[in-house]
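Structure first, then comments.
The values are calculated or read from the model by the stated rules, or taken from the named source; none is laboratory data. As the structure is a computational prediction, the values presented were derived from the model and not from experiment. Neighbour counts are summed over all protein chains in view; Cβ atoms, including those assigned to glycine, are modelled from backbone coordinates with ideal geometry. Heavy atoms of the whole protein, side chains included, go into the accessibility calculation; ligands, DNA and RNA do not. Shrake-Rupley method; radii C 1.70, N 1.55, O 1.52, S 1.80 Å.
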Amino acid sequence: MVFVIVVSFLLVMAILAYLYIRLGNDAMQHRNPFPPVLTIILFSLVIGTTITVTVGRKILAPIAELIKAAKEVSKGNFEIHLDESHRVGEISDAAHHFNIMVQELRSIETLRNDFVVNVSHEFKTPLAAIEGYATLLQDDSLSKEEHDEYTGMIIDSARQLSTLSGNILKISKLENQELLTEQTEYRLDEQLRQALLLLEPAWGPKQLSLNLDLGELRYYGNEELMMQVWLNILGNAVKFTPEGGEISVSLRPGPPWITAVISDTGIGMAPKVRKHIFEKFYQGDPARSAEGNGLGLPLVSRIISLSGGTVEVSSEPGVGSAFTIKLPGPALNS
């Protein structure tokens, strides 16, 4: 644009100079046309230079702002925002996408900070328990009952740490994974029964009733990861259902979806809790008195997402919860 302006201005000056030479009687009579021509040329250069500098500054100003903003972002300042209302469309687009980039970086930084805080908190609690009970075990006057109680607490805390670290590794791996691997065809209904059998030490003593509606159904997917889904959801159902309650599990074939519904008659969830249950490290219990580390349901959500399905929850306080998992079909009925 600057080049076109300067060339156009020089062209106008050249035409004026030509007309002056051809029609200017004074210049022709005195045989000295160069001073006025030089004056016109110098005037055109001054005007052209002024236009170039002025227009150039207006064009380069937002680029300078972009460079300045990029330097601030490189220092860790993610509160930078560029003005997107520039007349030049390309500069406006650059500012718009820069603002989107900074917003995403700000979100990632917030998630990272939250992750560090939550992980440190989750590790600190069992480690403090292990240290405390190990210190108590040094007392030679402990009875056998106290000794067994303290060692049991240490074992439970160590298991909690092992589960936490394992879940962190799993969800970190899955978040950086876009496709499921190691998929095989297997009996989905049988997998649900196996998950319930593995959890029998938890629901057996509570005398929970199991209402199963599991027709024979074959499914193609990652068997190990899907087992994690059922163990997490069923484990929560068992944990939050009081003695004598009921857990229902149903499985329906597609197409287009294979639908599994796991419901309970437990304590349920308030809308505020239900809204955040698939967020990492979120726990409905503010005191974190319940077992768990807030990674089970985010892990479920990620596995189902990678499988091409969806997971939804409906719940009311004091009524219970129902998780609906939909997996892409059709089912492979035998």
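List of remarks:
- For segment 187-233, the square roots of the Cα gyration tensor eigenvalues, ordered a ≥ b ≥ c, give a/c of at least 1.5 with a/b no greater than b/c, which places it in the oblate category.
- If you sort the three axes of the alpha carbon gyration tensor as a ≥ b ≥ c, you get a/c of 1.5 or more for segment 219-282 and a/b above b/c, which makes it prolate.
- The lysines whose alpha-carbon is closer than 20 Å to the alpha-carbon of Lys206, local same-chain residues fewer than 8 away aside, are Lys239.
- For the residue pairs Lys75/Lys124; Lys124/Lys170; Lys173/Lys280, the alpha carbons lie more than 23 Å apart in Lys75/Lys124.
- For Lys326, a cut-off of 20 angstrom between C-alpha atoms picks up these lysines, skipping any fewer than 8 places away in its own chain: Lys275.
- Taken per residue, the accessible surface of segment 125-238 reaches 59 Å², heavy atoms only and a 1.4 Å probe.
- Of the peptides 245-252, 314-321, the order by per-residue mean of other Cβ atoms within 10 Å, starting with the highest, comes out as 245-252, 314-321.
- Accessible-area composition of segment 67-208, carbon plus sulfur, in percent [1.4 Å probe]: 56 percent
- Peptides 69-78, 146-155 ordered by packing proxy, namely the average of other Cβ atoms within 10 Å per residue, highest first: 146-155, 69-78.
- Shape of segment 61-106, Cα gyration tensor, a/c cut at 1.5: oblate
- Protection proxy ranking, highest mean first, for peptides 182-191, 203-212: 182-191, 203-212, where packing is the per-residue count of other beta-carbon atoms within 10 Å, averaged.
- If R0 is 30 Å, the Cβ-Cβ spacing of Glu185 and Asn211 corresponds to a FRET efficiency of close to 0.65.
- Inter-label distance, nm, simple model (7 Å from Cα along the C-beta direction), Glu79/Glu223: 5.5 nm
- Amide hydrogen neighbours beyond the local backbone of Leu208, cut-off 5 Å, H modeled: Gly244
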